[in-house]
Structures are given as C-alpha cells and as structure tokens.
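Chemist: A single structure is presented below for examination.
The values are calculated or read from the model by the stated rules, or taken from the named source; none is laboratory data. In this text, all values refer to a predicted model and were calculated from it rather than measured experimentally. Glycine gets a Cβ as well: all are built from the backbone with ideal geometry, and neighbour counts include every protein chain shown.
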Amino acid sequence: MSNYIVFLTLSAATYAIFGLGLNLQWGYTGLVNFGHVAFMTVGAYTTVLLSLQGVPLWIAAPIGGTLAAFLGLLIGLTTLRLREDYLGIVTIGVSELVRITIQSDKFTPITGGVGGIQRYELPLNFAPAVPSYLTKLGFIGLFAAVMGLASWRLWVWGRKNMNKMWQAALGIVSFFIIYICGAISLYNYDDRAGLMLLTVTTLAIIYVGLERLINSPWGRVLKAIREDEEVPKALGKNVFWYKLQALMLGGGIAGIAGAFYAWQITSLYPSNFEPLLTFNAWTIVSLGGAGNNVGVILGAVVFWAYDTVTRLDWIKSLPFSSDQVGAFRIMIIGLILMVIMLWRPQGLLGNKDELTLGK
Amino acid sequence: MTDLLRAENLCKSFGSIKAVNQASITVPAGSITGLIGPNGAGKTTFFNLLSNFIVPDQGQVMFNGQPIQQLPPHRIARLGMVRTFQVAKALSRLSVLENMLLGAQDQIGEKMWQAWMPQVAKDQKQLKEKAMTILTDIGMDHKAADFAGGLSGGQRKLLEMGRALMSDPKLILLDEPAAGVNPRLIDDICGHIQRWRKDGMSFLVIEHNMDVIMSLCDRVWVLAEGSNLVDGPPAKVQNDPQVLEAYLGS
Ligand SMILES: Nc1ncnc2c1ncn2[C@@H]1O[C@H](COP(=O)(O)OP(=O)(O)OP(=O)(O)O)[C@@H](O)[C@H]1O
Ligand SMILES: [Mg+2]
C-alpha cells in the first residue's frame, strides 16, 4: 500500500511540475505549446549525460533546466513574432525533431540512440549502504514540513472560502495519508522514497515561486497578453519579451521535470518521450483548469490515480486483450476530457464566472 | 506653443484602398486637438500609423521632438503617447482594478527578478490608491473588484481611458471616447478631460459627436478619404462648406 502511494505521489509530482510549466505558457500567457515534451527531453538527457561525466546531480539538473529554457529561447526568437498558431506548429515539429535527433545513428555514441541509457546515477541513492537514523529522521522531518505547509495553505484557503471547506478538508486528509505512507517508506529507506521526497519538495518550491510571480506585476502582464496582447502593447509593455520569458521559464520548469522523470524511470529511451507526454500535460492542465496552479497539481493527481487504478490486476479479469485495454484507457481519458469540457469547461478548480465573460 | 506631436504625409494602403493618403497633423503641447471625418475616412487607421500599430508606407512622425516612426509601439507608449481603441478592449478575466494597474509605467515587480522584492507591495498599494482615484473620477469605483469582461460597452470605453491615464502620459489618443456613453456621463468626461489638460496632459480626440468636439477642442482637423480636408478652430470648421459636403456626400 505505502509503495503504491509513494509511486503515485512520485509520478503525480513529476507530472505536476511538467504541467506547471505548460500552465505558465498556456494557462497564464496564452502561448500554444504543442511540443512540451521537447523541453522535458532536453532536461532529461542533459541531466543524465552530464551525470555520466561525473557532474554532480544537483548541478546537472539545473543545467538541464537551463538548456531546456534555451530551447524555449530558440523557438521563441524564431516564431513569437509570427502569428500565434505558428508557435503551435513549430513546437510540434521541434519535439519530434529533438526525439529523432537523439535516436539517430549519428548521435548514438553520445545518447545511446534507440538502445537508450540504462545505468546512471540516481539522487539520494545510498545503496548498498543505508542512511543513518539521523538522516532518515531529517528526511521524514522535511517531508512533514512540506506536507504540513501544504495542508496549512489549504486550511487558510478553506477558511477564506467557507463553501470550499470540505474540499480543503479532503485535501488535508489526503496529504496526511500521503505523509504517513511516505514516512513509512522513508523509514524503510529505498531510493524511491528519497526521490519522492526530493520531487515533492521541488514541486513545492516551484509552486510557491510561480504563485509569487503570477501575482506580481510581471504576472499581470502575462495575463493581459493572454486576454488581448494589443492592450499591454499600447500601455508600454514589451509583449514579445514577456512571451519569450514565459516560454523560457515554462520550458525550464519542464526541463527540471525531465530530470525527475529520468530518475524515476531509471533507464532512458527516446521512446519515453513520445508526443503522448505532451498530450498528457494538456490533459492535466485542462483537467485542473488552465490558469490555476493548484488545479494543475490536482489534475496530475487525478490523472495518475486514474492511470494506476486502470493498470491494477482487476483489469486482467475483464474479457479484453491487453491491447484493447490499452486503447480503452486512452479512449476513456478522451471521454473524461469531453465530459469536463461540457460540464466544467473551466476545469475542476477553475472559476466558472470567468467563462461567461465576453471578450 | 511647441508641437508635441507632428505627423507629416503619412500614407497607408490596404491593397488598392488608400486608407490614409498623405495625411498630416500637429498637436500642440497642452492642447485638445480634434480629428473628425466621415465613416471610413481613415481616422482609426491614422491612429494606428501614429502609434505604429500599423507601419506606415511612408511619412514621418515626430513626438516630443524625436522621430518615432521607427520605434515599436510599446516604446512609443513609454515615451508618453498612449492610444486607446475604437472598439474598447477590456481584459475580460482581470478585474477592473487589475486592468487599471496594468497601465502604470515602471512598476517595481514588472521585471521577473523583482517579483520577490519587498517594495513591490508598497508600490502596488500606492498605485491602487491612484487607480481608485481615477476610477472615482470616471464613476467606476463601485466596479473595481468585478471582472472587466462583465462591463457594458460604455463602461469599457471609460475603463480604457482610465487605464491610459494610469500611465501618466503626455498625450492620449482617444478613438471616439463618447461613443456609447450616456449623455450625462459624456458631460462629466468632457469636464475631466479639461481638468486633465490643465494638469498638463494633451489629447488627440476622434469623435463623431460634434457637441463634444465643439466644447473640447482648440483645433480640429478634418480627414476625408484618407487626406486632410481642412483644419482650424471648431466653429470655423463646423460651417466650412467643404466639410459639410464631405459629410453629406458620403
Ligand atoms: N486592416 C484593414 N484591411 C483592409 N482595409 C482596411 C483595414 N483597416 C481599415 N481599412 C479600410 O480603410 C478605410 C479607413 O478605415 P478607418 O477604420 O480608418 O476609418 P474611420 O475613419 O476610423 O471610420 P469610422 O469613423 O467609421 O471609425 C476603410 O475603407 C476601411 O475599410
Ligand atoms: Mg474609426
């Protein structure tokens, strides 16, 4: 049970970071990025390849994020001055280009090509040794701090919106369950538990940072661009530069998510970076509500809860082949998205009032 | 008076339509200058050329003694010339107050790396007070917390003007500020424009409502089919046979 929760938390947190990057670009700035996985690919491969050269992970991962942001700069400089749909088309192309480059013969000596990379360093991996009791206690304490802080924020939010109280309570209860399971796993330490702690902590830091940015005058300009870019332009804001920053920062965040993704899957293949991942990020952002960071995190949790539940053993007792089940799972996601678009087009946490507004 | 804005021989064609053809204008500092003309005369296009939202085919624009036709629109706005839109553009999913705050220039925290600075909150508080003062002036203070997308057409026009004022501009280009605004409020707005002018701001106003033009403007320029027809004091322009013909003929 606690292994299952750790896996779920780890996957959801990684995808939440990934989704937060897209949410900055699409949800707040209105940039159509259909190649989000490209940033993740660059982040993942950079981190892993650098760590193979002996670069410490805590340096390699930020460099991965920086290179992903640099990819955003390249894409932005070439397309952001054009009509907005060009960005969508170019990002699709770039994401495939990145993947195909990595698996091409020419780069196989560096990237491992289709054969992938199997053994690389993982963070907080003490094996075969075990961390000391003190270290473990420190980890459990840090985890308590992060989950406690999250619960406290939810509590404050619930107090402010009295009608949302039960939702806040539900969130706090789930945090508590995650905490208990996480703490048990951290106590019986393995590197999965350590990675989960690291991912959740990183997610918390990125979330807090993004919220601060979004609620600053800088974030206001992004939202203005999303609504109608002529207005900030007429009021002296350099719209191009702001869009570029959003694209780069969102890409950098996806690059960081790439490092965690690589550590989670423990061996890296180009096929891990199919366009399906971009689709998943869009699903998560739409599920939770574009332009709502808490919603994105919730969307990632719902997405992974769905994903893992439909991979459990009970599925095998159904009279379908595994291919059929696989196709079926994706169909259901499509169906859920359609239902959401009809019933709650603002997403699970979005504000309905916003949608009834005209331009 | 020195010229705050001087545009000479601006031209812009859309395909075979010469929307603006060799049009010129001067706006003296501290003035309220009017720009009138029949529908389709090219007034809005002329504004777009002045602010470089549309790049002119040819012509010069000087603002505050500096050539600006090479500058991107946001740089022109930062120099102190802010335009508004004929079809008012509200930022729907931002509150009215947020719309106003967007207008302020050089805010602390407008740059990404400043978002964490402690001065941001103080700066924003001051700007909010300023925004509320302007909103009160234009009779919109009770709407401050509402989404701008819920405003009526007339309220959007007012919001647009207020937002432009937030930037402390030297010159505001108003494209039909009175269109769709109720008559009593039009009088109020005219009063405020006069007052803002006394504070040192200048205005270039496109308007079909002749009462507004007559009561506000020091000088009026008439555009017809993309070219200058006449210009002069409002009383003179109003009775000019050429102007009457242009309006009746269209
Ligand atoms: N983007 C464009 N593409 C093609 N034609 C255009 C464009 N913008 C304006 N025009 C044409 O240019 C001419 C001038 O239009 P403009 O909007 O400047 O007129 P106006 O004087 O502002 O009229 P109104 O008083 O009705 O607002 C019109 O014939 C219009 O159809
Ligand atoms: Mg017009």
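Chemist: Could you list, in sequence order, all residues of region B:81-95 that are of a type in the set (Ser, Thr, Tyr) and at the interface with another protein chain (Cβ under 8 Å from one of its Cβ atoms)? Can you show your working first?
Modeler: Pass one, region B:81-95, residues of a type in the set (Ser, Thr, Tyr): B:84, B:92, B:95.
Matches in region B:81-95: B:Thr84, B:Ser92.
Chemist: Could you go through region B:108-129 and let me know if any residue there is more than 7 Å from chain A (Cβ to nearest Cβ), among the small types (Gly, Ala, Ser) and in a loop (DSSP other than H, G, I, E, B).
Modeler: Checking region B:108-129: not a single residue is more than 7 Å from chain A (Cβ to nearest Cβ), among the small types (Gly, Ala, Ser) and in a loop (DSSP other than H, G, I, E, B).
Chemist: Now, a different point. Taking region B:202-227 as the region of interest, how many residues are aliphatic (A, V, I, L, M) and surrounded by fewer than 20 Cβ atoms within 10 Å (Cβ to Cβ)?
Modeler: Keep residues of region B:202-227 that are aliphatic (A, V, I, L, M), which gives B:204-206, B:210, B:212-214, B:216, B:220, B:222-224.
Narrowing further to those that are surrounded by fewer than 20 Cβ atoms within 10 Å (Cβ to Cβ): B:210, B:214.
Of the residues in region B:202-227, 2 are aliphatic (A, V, I, L, M) and surrounded by fewer than 20 Cβ atoms within 10 Å (Cβ to Cβ).
Chemist: If I ask for residues that are touching a residue at least 40 places away in the same chain (Cβ under 8 Å) and of a type in the set (Gly, Ala, Ser), which ones from region A:223-239 would you list?
Modeler: none
Chemist: Taking region B:62-80 only, how many residues are more than 9 Å from chain A (Cβ to nearest Cβ) and more than 16 Å from the chain's Cα centre (by Cα)?
Modeler: 9
Chemist: Let me ask something else about it. Considering only residues that are within 18 Å of B:Ala29 (Cα to Cα) and among the small types (Gly, Ala, Ser), look in region B:189-211 and name the one that is nearest to ligand 2 (Cβ to nearest atom).
Modeler: B:Ser202
Chemist: With (1) of a type in the set (Asp, Glu); (2) within 16 Å of ligand 1 (Cβ to nearest atom); (3) within 14 Å of chain A (Cβ to nearest Cβ) as the list, and B:Glu98 as the residue in question, which single condition is left unmet?
Modeler: B:Glu98 satisfies all of (1) of a type in the set (Asp, Glu); (2) within 16 Å of ligand 1 (Cβ to nearest atom); (3) within 14 Å of chain A (Cβ to nearest Cβ) except (2).
Chemist: Within region A:102-123, can one find any residue that is in contact with an Asp or Glu (Cβ under 8 Å, 6 or more places away or on another chain) and on the phi > 0 side of the Ramachandran plot?
Modeler: Yes, because at least one residue in region A:102-123 is in contact with an Asp or Glu (Cβ under 8 Å, 6 or more places away or on another chain) and on the phi > 0 side of the Ramachandran plot.
Chemist: So which of B:Gln86, B:Gln70, B:Gln60 is more than 16 Å from ligand 1 (Cβ to nearest atom), surrounded by fewer than 19 Cβ atoms within 10 Å (Cβ to Cβ) and either not in a strand (DSSP E or B) or not assigned by TED's automatic domain parsing to the domain that holds B:Met210 (or both)?
Modeler: Working: B:Gln86 fails: more than 16 Å from ligand 1 (Cβ to nearest atom); B:Gln60 fails: either not in a strand (DSSP E or B) or not assigned by TED's automatic domain parsing to the domain that holds B:Met210 (or both).
When all the criteria are applied, what remains is B:Gln70.
Chemist: Can you pull out the helices (runs of 4 or more DSSP H) entirely within region A:201-279 that have at least 2 residues that are closer than 29 Å to A:Leu154 by Cα?
Modeler: Values: elements: A:217-228, A:230-234, A:239-265.
Per the criteria, A:217-228, A:239-265.
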